[in-house]
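Working notes, beginning with the structure itself.
Any read-out appearing in this document is the output of simple, stated calculations on the displayed coordinates, not a laboratory observation. Predicted model only: the values in this text are computed from it and were never measured. Positions of Cβ are backbone-derived with ideal geometry, glycine not excepted, and every protein chain shown enters the neighbour counts.
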Amino acid sequence: MTVSPDAAPQRRQSDAEDVLKQLGGSWHWALGFALATLIPGILVLVWPDETLHILAVIIGLQLLVAGGFRFVTAFSHSDDGGGSRLAGILISMLAFLAGVLVLRHPMQTIGALSLIVGVFWLLTGVLTAYVAIADRALVHRGLLFALGALGAVAGIVVLCFPVDSAVALTRLLGLWLVLLGVFEVVMAFALRSATRQITPTHPG
């Protein structure tokens, strides 16, 4: 029996996708993503002598880390005609782009930082809600939709709330990061519970 020369690369690609799908769909990964949102929010709120530079560094790094988590999580979505996986990858690309823009020194103004973070949260909130609607295989679609709606609201608030100082912007972004992080922790444990219910138990 002859083996196609393309079979090995295809098998490696399939194996890599399976690993990413298993990792991205685990509740441990969801919890890690939640902590990657919650911890920067806490740091922003408790950091002494807040400055715009410190805020930009923390927010920028949070966005880059979130982009990595989102990229892997995208592979846990079904690759169907609904485009939920593509939407997840788009969210990760937006996170990387927003993180790079925030970390750029010329962009470190109150208005620019508010605009970048606000637009990012709004767009990713809408895309997350879309993924929740399009991917019927998800076991926590309701919570994911609620998270998307919360993210969209966060983006609207940041874009519309007038802030004229780094301290005010710090409080605003920090509070929303903590709120989103807490909700993501709830999602992670809801996923854990759902996974345990689906997984069959073996006697003995």
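Below is a table of values for the structure above.
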{"quantity": "³J(HN,Hα) computed for each position of the range 180-185 - Karplus, 6.51 cos²θ - 1.76 cosθ + 1.60, integer Hz, glycine/proline x", "calculated": "5, x, 4, 5, 5, 4"}
{"quantity": "Nonlocal amide H pairs with Val139, under 5 Å, H built at 1.01 Å", "calculated": "none"}
{"quantity": "Förster radius 45 Å - calculated FRET efficiency between Leu86 and Phe189 (Cβ-Cβ, nearest 0.05)", "calculated": "0.95"}
{"quantity": "Note, ³J(HN,Hα) from phi for the range 114-128, Karplus 6.51, -1.76, 1.60, rounded to Hz, x at Gly and Pro", "calculated": "4, 5, 5, 5, x, 5, 4, 4, 5, 5, 5, x, 5, 5, 5"}
{"quantity": "Karplus 3J(HN,Hα) series, Hz, for the range 61-66 with 6.51 cos²θ - 1.76 cosθ + 1.60 (x for Gly, Pro)", "calculated": "5, 4, 5, 5, 5, 4"}
